[in-house]
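The values are calculated or read from the model by the stated rules, or taken from the named source; none is laboratory data. What you are looking at is a predicted structure, and each value in this text was computed from that prediction instead of being measured. All Cβ positions, even for glycine, are placed from backbone atoms using ideal geometry, and neighbour counts span all protein chains on display.
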Amino acid sequence: MKQFSLIVIILGFISVDYSQDTTSTWKKTPPFVLSVDFFGGLGSTNMTNEFTSKLIFGGHIDSTLKNNVLDNTKKMNRAGFELNYEVKFYNMQDTFLRTLPDYRYYIGIGSYANTSASFTQDFFKTIFYGNASFGNTPAVFDNTTLFQSNFKKISFGLMNLKTKTSFALSIISGNNHQLFDFNTARLTTGEDANELTFEYDGNFQQSDSIANGFLKFSGAGIALDYSMHIKETVQLSITNLGFALWARNPSSARLNETINYDGFYVSNVFSENSFNVSNSLDSIIPNIESKAFVSFLPAIIEAKKVINTDKELQLNYGLRYRFMSNYFPYLYIGGFYNATEQLKLSSALSYGGYNAFEMNFNAYYSTNTYYIGVGTNNLLGNFSKKGRGRSLLLSAMIKF
Amino acid sequence: MRFLLLLIILLLFFSCKRREETTWDINVHSPLIKTSLSINNLLHDSILNENPDSSLMIDYSYSLNAFNTDSAFKIPDTIINAFYNIPFGSPTSLNPGFQFANDPASNQFNYGDARITEMKLTSGKIKFKIISQINEKTIYTYEVLKSDDGNGNLFTKKITVPAGTVSSPGIAQGEFDLDGYTFDMTGTNSNSYNTLETRLKVLIDPDGNSVLVSGADSVLVENGLINLKPAYIKGFIGTSTFDEPNSELEAGLFDNIISGGLDIDQLDVTLSFTNYIGAELRFKLNHLRSLNSRTSNTISLSHNIIGNDNNINRATLSGSTITPYVVNYQMNTSNSNIDLFLENLPTAMEFGFEAEINPLGNISSGNDFLFINKTIDINFDVMMPLSLIANNLTLLDTIELSIDSANNRLKKGDFTLIAENGFPFDAELQLYLLDIDNNVIDSLFNGQIITSGTLNGANRVINSTTTTIMANLNEDKIKLLEQNNRVILTSRYHTLASSHTTIYSNYKLDLKLIGDITYEASIK
C-alpha cells in the first residue's frame, strides 16, 4: 500500500497530463525513480482534423474542406496546439537536508510549446477565402489573438512525503514568443478595390526570429511549480508560474494604426530595377522598434480529485486552465476503475480547452519495476477526420 | 519496455514535421501597382531640355563615324637587307672580342609624297634574321639612332648568333617591339625625311675562342619593319583621297516606331565638322539619305552642303595640345528639307562622300601633323521643340518577363487599369502574348482608348481625363506567359488637335492596376 501511495504521490506531482493516477504493486520504496510525461494535442472549435492536418503537415486545402469548416465557424472561434513533456529524476532514499527528513528532491527537464488563436469568422474568411467576398463591407477582426510560446526548463524540486506537497524552481530558456493581440481591427476594401484600409489597435510582441533554437536563450526567466493536497480529496497544482525576459533582437509595440494601401509604386515601368518588393512592403508595414519585453509564461493551473487506490470504481473529475493561451477552462467528469492490481482504466466527458465536448480515455499498467500510462482526451477525434482535435498522453515511470 | 517507451516518444517528435507545402486558393480584390509616366519615361531624359515656359526641347547628338583612321596614313612594311663579306683575302685568325663590322646606315623609306620628319609608334616590330658562316659565336648590336623610348633611351638590341659554316650557317632570328618609340626621321644632318639612321656592330664573342676566317665567309642580315602603327606623324603627311560612294549607319532614335506618322513643327540641325588634323581638308558630301526599312521610304537631304566642295582649314598644335578647326552647317526648315528627312523616321542613314587631305599640296613647309586617335569628327546636333502632330504613331517594345511556373501563384484574374491622362494625345496600349515560337496568339487588353487630357484654346492640357481599361488573364493566358517569358507591348499615340501640339514638362500619365485575382496562398 505504501508503495502504491508513493507512486500516487509521485505521479500526483506530475502536472503535464490531465489525469495519471494509478496503483502499483511495488513492494518497497525504490531508491531512484525516473519519470517521463508527454502530452501532445490540438483542438479547434471549428477546424476539422482533416483541415488542421493539412494546415500543419502540408497539402492543398480545397473549397469543400474550407466550406465544411466555415459551416462550423461562429462569430468567435478558437484553436490551439500543445506539445509538452517533462523528464524527472527522483532520489527517494536520501533527504535533501538533515533538518528536513520528510523531504525528497528531484531534478527535471521539460519543454512546453503552445500555439493558439482566437479569431472571428471574418478573420477566417479573409485568410482562407480572401477579401473579395466582403465587397465594401469591413471585415472585422476585433479580439483576434494569435499566440505562440516555446520554452525549455531545468527544474530542481522538493517534495514532502507526509504533507504531499511539492515545489520546484525552474530556469527557463525561451525559444520564441509571439503575440498578436488585436483589441480592434478591421479591413475595408474601398470602392472598386481602389484602396485597402486596415485599422487596428493592439499589442505586438516578438522574440528573436533568427536565433531561436534549443537553449539559444532568446529569452530567459524563472518559474515555479507547486502542488498540494487539500484534505486528501483534491490535488491542486500550478505549473510554470513565472516570467521570461526577451532581450535579444525583440520587437514589442502597442500599435494604433491605420494603414492605407493603394498599390505599390513603380518609379519606371520600363526599368527592371525600379521596383523592389522588400522596400515597397517596408513602406506600408509600420516600423516596430527593437524593444525588450517581459512576458508571463502560459502557466497551467489544475484541480483534480485524488484517486483512492482501494476503491474498485469511483468518480473522477477535474478542472484545468492555461493562462494567456486562448484557452477555455477545461472541465472533465467521469469514472475511474481499478480493473486489476496492475491495470487501471478511466474515462470522462469533458468540455473546454481548445474544443467543445470531448471524450477522454486513459489506461494504466504497472509492475514491480515500471508503470506506464497512455490516453487521450479526444477519443473520437483521434479516429475521425471530421473530429476537431487529437491528443495523446503518455506517462511512464521506472524504478531502479 | 523503457526503450520502447523512449522510441514511441522520439517517433512522435520526429513525425511532427511539415511534409510538404500547405496551399489554398484565395480571391483577392486589391490595388496592385501604380506609376506615373512623364515624358522622361517615354524619351530618355538626357536628350530633353526644359524651356522657361516649361515646354520641352529635344537636344540630340548623333555621331557619324565616317572616317577610318587607318586610311589617314598607313606605313607599309619595309625589308632592309645587309650583306657582309669578311675583308680578308687569306685565312686569318680573329681573336675573341674582335669587331669586324661597325656599319652606320641611312634607311630612307618610300611613303609616297609624304615627307615625315618625326613619328611615334603605338605598335610595330623589327623582324630580324642573321645568317652567319663564321665558325664562332658572334654578337650583333643593332641600334636605331635618333630614337627615344620616352625615357631618353635609344633603341638598342644585342643578338647572339651561333657559330656556323658555309655549308651549315648559324642562324638567329626573332623580332623586337617598337611600341612607344619616337623616331627622328630627318637623317644624319637633320635635313632629310622618311629616314631611319641605324648602326650595326658585329664582333666575335669575347668569351669564345679565336676563329679562322677567310673571304669565303660571309654574314647576311635581314631586317624588316612590320605592322608599324603610328600614334602621330609630323612633317608633310602627303596628299590622300578618300572615296566612300555609299555607306550605311543605323539611326537608333526611332527603332521602336513601327507605324504611324510624325509631323514636326520646327527643327534646327547643326552638321559640324571638327578637323583635328594639321592639314587642309576638302570634303564633299555627295548624298545623305533617310531610310525607313518598314515603309521602304527614302528621303534625300537637300541643302547647300550636298554635292559641293567644302574646304576645312587645318588644326593647330601647341606642345601636345591640338586646337581643332570647326565648321558648322545649319539646317532648318527654311534652307533644307531636314524636317521631312526626320519625319521619315529613319531606321538607317545612307551617305556618300569624298575627301582629300592637303588638296593644295605642301603649303605648310612640312609642318603637318596627324594624331591617329583624333582625326575628323562629324556630328549631327538636333534641336527640336517637342511640338508635333502624332498620327497613330505606334511604338513596339519586347518585354522580358521572368515568370517561373514552379513558383507562380497567380491562377487567374481580371485586371482594371485606371489611366489618368494628362498628355494632349490619345493612347492605346496592347500587350500581346506569344507562343514558344514567338507567334502572337493572344492579347490582354480590350482595345480601349486612353482619352487625351482636356485642351484649352492654346492646345494646352488643363485637365486630366480618366479612362478605365479591363483585361482578363485566364488560366490559358497564364500558361502562355509561363511557357514563353516574353510579351510584346505596343502603344499608339494620336494628337487630336489639327495644329502642332507642344509637350510640357508637367504632363504625365498616372496608371493604377487593380486586380480581382485568384491566388494560391501557401505556408512552407
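Values as computed for the structure displayed
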read-out: Residue within the range B:172-181 that is in a strand (DSSP E or B) and over 20 Å from B:Asp149 (Cβ atoms) present; value: yes
read-out: Residue, farthest from the other protein chains (Cβ to nearest Cβ), within the range B:479-524, restricted to residues that are more than 30 Å from B:Ser55 (Cα to Cα) and small (Gly, Ala, Ser); value: B:Ser522
read-out: Qualifying residue in the range A:366-378 (condition: under 25 Å from A:Thr144 (Cβ atoms) and surrounded by 14 or more Cβ atoms within 10 Å (Cβ to Cβ)); value: yes
read-out: Where B:Arg2 falls short, out of the listed (1) more than 7 Å from every other protein chain (Cβ to nearest Cβ); (2) at pLDDT below 75; (3) surrounded by 11 or more Cβ atoms within 10 Å (Cβ to Cβ); value: (1)
read-out: Members of the range A:328-356 that are over 18 Å from the mean Cα position of the chain (by Cα) and either among the β-branched types (Val, Ile, Thr) or farther than 14 Å from A:Leu313 by Cα (or both); value: A:Ile333, A:Thr340, A:Gln342, A:Leu349
read-out: Selection count where residues are outside any strand (DSSP E or B) and modelled with pLDDT of 90 or more, scope the range B:22-50; value: 0
read-out: Qualifying residue in the range A:57-72 (condition: under 30 Å from A:Thr367 (Cβ atoms), within 14 Å of chain B (Cβ to nearest Cβ) and in contact (Cβ under 8 Å) with a residue 40 or more places away in the chain); value: no
read-out: Selection count where residues are over 22 Å from A:Ala193 (Cα atoms) and either among the hydroxyl-bearing types (Ser, Thr, Tyr) or within 14 Å of chain B (Cβ to nearest Cβ) (or both), scope the range A:127-145; value: 2
read-out: The range B:409-441, residues that are surrounded by 14 or more Cβ atoms within 10 Å (Cβ to Cβ) and charged (D, E, K, R); value: B:Lys411, B:Lys412, B:Asp414, B:Glu420, B:Asp426, B:Glu428
read-out: Enumeration of residues in the range A:62-82 that are buried (at least 19 other Cβ atoms within 10 Å of the Cβ) and either hydrophobic (A, V, I, L, M, F, W, C) or farther than 20 Å from A:Thr144 by Cα (or both); value: A:Leu65, A:Val69, A:Ala79, A:Phe81
read-out: Top-ranked residue of the range A:181-200 - restricted to ones that are surrounded by 16 or more Cβ atoms within 10 Å (Cβ to Cβ) and within 14 Å of chain B (Cβ to nearest Cβ), ranked as farthest from B:His29 (Cα to Cα); value: A:Phe198
read-out: Residues of the range B:464-479 classified as of a type outside the set (S, T, N, Q) and in a strand (DSSP E or B), total; value: 4
read-out: Among the candidates A:Ser170, A:Ser166, A:Ser209, A:Ser149, residue that is of a type outside the set (A, V, I, L, M, F, W, C), more than 20 Å from A:Thr73 (Cα to Cα) and at pLDDT 95 or above; value: A:Ser170
read-out: One residue from A:Asn49, A:Asn136 being surrounded by 21 or more Cβ atoms within 10 Å (Cβ to Cβ) and at pLDDT below 95; value: A:Asn49
read-out: A:Ile307 within 20 Å of A:Gly174 (Cβ to Cβ), in a loop (DSSP other than H, G, I, E, B), among the β-branched types (Val, Ile, Thr) and modelled with pLDDT under 90; value: no
read-out: Breaking point among (1) out of contact with any Gly (no Cβ under 6 Å at 6 or more places or on another chain); (2) in a loop (DSSP other than H, G, I, E, B), for B:Val219; value: (2)
read-out: Members of the range B:98-114 found to be over 19 Å from B:Tyr142 (Cβ atoms) and not hydroxyl-bearing (Ser, Thr, Tyr), listed by number; value: B:Asn110, B:Gly112, B:Asp113, B:Ala114
read-out: Residue among A:Asn362, A:Asn368, A:Asn355, A:Asn382 that alone is assigned to a strand (DSSP E or B), modelled with pLDDT under 95 and not charged (D, E, K, R); value: A:Asn362
read-out: All positions within the range B:444-469 that are farther than 11 Å from B:Ala419 by Cα and of a type in the set (A, V, I, L, M, F, W, C); value: B:Leu444, B:Phe445, B:Leu455, B:Ala458, B:Val461, B:Ile462
read-out: Set A:Phe81, A:Phe51, A:Phe38: member being aromatic (Phe, Trp, Tyr), at the interface with chain B (Cβ under 7 Å from one of its Cβ atoms) and closer than 21 Å to A:Asn378 by Cα; value: A:Phe38
read-out: Failed item, numbered, when B:Leu401 is tested on (1) over 40 Å from the mean Cα position of the chain (by Cα); (2) surrounded by fewer than 15 Cβ atoms within 10 Å (Cβ to Cβ); value: (1)
read-out: Identity of the residue in the range B:20-59, away from every other protein chain (no Cβ under 14 Å) and among the small types (Gly, Ala, Ser), that ends up nearest to A:Glu50 (Cα to Cα); value: B:Ser46
read-out: Check on A:Ser252, part of a strand (DSSP E or B), surrounded by 15 or more Cβ atoms within 10 Å (Cβ to Cβ), modelled with pLDDT of 90 or more and among the hydroxyl-bearing types (Ser, Thr, Tyr); value: no
read-out: Test: residue in the range B:503-521 that is at pLDDT 85 or above, closer than 12 Å to B:Pro424 by Cβ and touching a Phe, Trp or Tyr at 6+ places or on another chain (Cβ under 7 Å); value: yes
read-out: Strands (runs of 3 or more DSSP E) wholly inside the range B:387-463 that include at least 1 residues being within 14 Å of another protein chain (Cβ to nearest Cβ), touching a residue at least 60 places away in the same chain (Cβ under 8 Å) and in contact with a strand residue (DSSP E or B) (Cβ under 6 Å, 6 or more places away or on another chain); value: B:387-400, B:410-421, B:425-434
read-out: Wholly within the range B:249-315, strands (runs of 3 or more DSSP E) carrying at least 1 residues that are among the hydroxyl-bearing types (Ser, Thr, Tyr); value: B:257-264, B:268-275, B:281-292, B:297-300
read-out: Among the residues listed as B:Ala279, B:Ala315, the single one being among the small types (Gly, Ala, Ser) and in contact with a Gly (Cβ under 8 Å, 6 or more places away or on another chain); value: B:Ala315
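Condition check ((1) out of contact with any helix residue (DSSP H, G or I) (no Cβ under 9 Å at 6 or more places or on another chain); (2) part of a strand (DSSP E or B); (3) not acidic (Asp, Glu)) across all residues:
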| position | (1), (2), (3) |
| --- | --- |
| A:Tyr106 | no, yes, yes |
| A:Phe123 | yes, no, yes |
| A:Thr126 | no, no, yes |
| A:Leu146 | yes, yes, yes |
| A:Asn150 | yes, yes, yes |
| A:Lys153 | yes, yes, yes |
| A:Leu158 | yes, yes, yes |
| A:Phe167 | yes, yes, yes |
| A:Gly174 | yes, yes, yes |
